[in-house]
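> Dumping the structure here so I can ask a few things about it.
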Amino acid sequence: MKRGTIRLGLVLFPAVAITASLFVGRYPVGLREVVGALLPLDGVSPTARVLILDVRLPRALGAAAVGASLALSGAVFQGIFRNPLVDSRILGVSAGAAFGAALALLLGIPWYLVDGFAFGFGLLAVLLVVFIARRFGNSVLVLVISGILVGSLFSAFLGLIKYLADPLDVLPAITYWLLGSLSGTRWDTVVKLLPACVLGAGALLLLRWRLNVLSLDEREAVALGVNAARLRTWVILAGTLLVAAAVSRAGMIGWIGLITPHAARALVGPDHSRVIPASMLMGAGFLTVLDLLSRSLMGSEIPLGVLTGIVGVPAFLFLFMRHLARGGGWR
């Protein structure tokens, strides 16, 4: 397949998914109503206008931002740790963000502050990982072990909060949030989500030309004039910013950060200068499609974490078996 065709398809995928999200749902709308609401034109019912502009459009944009953030973070983490099975969970950020949100719910803090708690504890988790790694050598192995330990610690704290939570009120809210959902996404949510996503993604896009160096041995990177430890730290912080923002808004959504980079590499190759934008676009389109399905397949909304697991496991098995059949190592 020609490179130009691949690029066009990658750009069109999220655009088509977002456009489809405006039409599809339990309340059907037609082309005239969508166009009339977007331009805006007369002749569109107030109900359809509010549904399209204030419910479906911000939710689709939020899904695209969350999907792009998770996919991009997964791509860079897999690259710098030289491990195809790595995603945001390896640094404990997902567990930290989940603990923060559960703590906010347990304390009865208003909903608009739950995102802040999740974001703050997600950053705290990765700062702990970076601190421990720097204290004991800052190697890839130490980072991975530190991330596993910090993630396990926050997972234990999360289990304690679920044990203490009111089983008739708070516990169901925590459980539902952990399953992942974008049902409450509105324009104010998008406004809060975008700055962190733009900052993290912008930093990684600017650094994408150097990320290939991090896949080399430490001594080879130094020979090329790159401070690998410092660059790795900045990349981890930018990726964590993306994951914390996504988890704080949408809850625990797995597999996007693991599967999407594999699919991107299959299309554009291993070069991070192409993998990073490809992963972003594919992640944005993929999660937008899954969110559309989650609110359309059944009478009640399917949690996104459940749906990504149902789709992600077979997809990963297919990619993994295909990779083994070709007899290649991880590129």
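Just so it is clear, none of the values below were taken in a lab; they were calculated from the coordinates. Source: prediction; values computed, not measured. Cβ coordinates were reconstructed from backbone atoms using ideal geometry, including for glycine residues, and neighbour counts include every protein chain displayed.
> Mind checking which of 300, 139, 248 has the largest fluctuation in a GNM of the chain, springs on alpha carbons under 10 Å?
So, out of 300, 139, 248, the one fluctuating most is 300.
> Evaluate the relative contact order of the chain (contact order divided by residue number), counting alpha-carbon pairs under 8 angstrom at least 6 apart; express in whole percent.
30
> Rg/Rh for the stretch 1-148: what does it come to with C-alpha atoms and Rh from Kirkwood? Mind showing how you got there, number by number?
On the way: Rg = 21.1 Å, Rh = 18.8 Å.
The Rg/Rh ratio comes out at 1.13.
> Another question, if that's okay. Could you tell me which of rounded, prolate or oblate describes the stretch 92-228, using a ≥ b ≥ c as the square roots of the eigenvalues of the alpha-carbon gyration tensor, with rounded for a/c under 1.5 and, failing that, prolate when a/b is larger than b/c and oblate otherwise?
oblate
> Using Cα-Cα distances under 8 Å and only pairs 6 or more residues apart, what relative contact order does the stretch 83-165 have, in percent?
Reported as a whole number, the value is 41 percent.
> Now for a different question. When a/c is below 1.5 the answer is rounded, else prolate if a/b is larger than b/c, else oblate, so apply that to the chain with a ≥ b ≥ c taken from the square roots of the Cα gyration tensor eigenvalues.
Judged from the Cα gyration tensor, the chain comes out oblate (a/c at least 1.5, b/c at or above a/b).
> Oh, and also: Under 8 Å for C-alpha pairs, at least 6 residues apart: give me the relative contact order for the stretch 111-216, rounded to a whole percent.
Details: 20 pairs, mean separation 14.1, N = 106.
Relative contact order of the stretch 111-216: 13 percent.
> Over the chain, with a Gaussian network built from C-alpha contacts below 10 Å, which listed residue (168, 199, 153) shows the highest mean-square fluctuation?
Per the Cα network of the chain with a 10 Å cutoff, 168 tops the list.
> For 322, 274, 56, 49, what's the fewest-to-most ordering of other Cβ within 10 Å of each Cβ?
Lowest count first: 322, 49, 274, 56.
> What does the extension gain come out to for residue 266 and residue 7, with contour length at 0.36 nm per residue minus their alpha carbon separation?
Full extension from residue 266 to residue 7 adds 91.9 nm.
> Please state the charge dipole magnitude for the chain, taken about the Cα centre, from unit charges on C-beta atoms (+1 on K and R, -1 on D and E), reported in debye and rounded to the nearest 20.
Dipole size: approximately 960 debye.
> Follow-up. Please express the shape of the stretch 100-174 as an equivalent ellipsoid: the semi-axes are the square roots of 5 times the eigenvalues of the C-alpha gyration tensor, given largest first in whole angstrom.
29, 13, 7
> Within 10 Å of each residue's Cβ, count the other Cβ atoms and sort 188, 54 from fewest upward.
188, 54
> Summing +1 for each Lys or Arg and -1 for each Asp or Glu, what net charge is found among the other residues whose Cβ lies under 11 Å from the Cβ of residue 267? Kindly include the intermediate steps, with their values, before the conclusion.
On the way: positive: 3, 7, 265, 274; negative: none.
Neighbourhood net charge equals +4.
> Further question: Classify the stretch 187-331 as rounded, prolate or oblate, taking a ≥ b ≥ c as the square roots of the eigenvalues of its Cα gyration tensor: rounded when a/c is under 1.5, otherwise prolate if a/b is larger than b/c and oblate if not.
Oblate, because a/c is 1.5 or more while a/b does not exceed b/c.
> What trypsin sites (Lys or Arg not before Pro) does the stretch 95-200 have in DSSP loop regions with at most 13 other beta carbons within 10 Å?
186
> A further question on this structure: Would you calculate, for the chain, the mean residue ellipticity at 222 nm contributed by helices, counting each DSSP H stretch of 4 or more residues as -39,500 (n - 2.57) and dividing by all residues, to the nearest 500?
It lands at -24500 deg cm²/dmol.
> Angle between the Cα long axis of helix 111-135 and the longest principal axis of the chain, 0 to 90 degrees, nearest 10?
10
> Just want the ordering: 33, 301, 220, from fewest to most Cβ atoms lying within 10 Å of their own Cβ.
So the residues, fewest neighbours to most, are 220, 301, 33.
> If you find the alpha carbon centre of the stretch 119-143 and of the stretch 20-66, how far apart are they in angstrom?
Cα centroid of the stretch 119-143 versus Cα centroid of the stretch 20-66: 43 Å apart.
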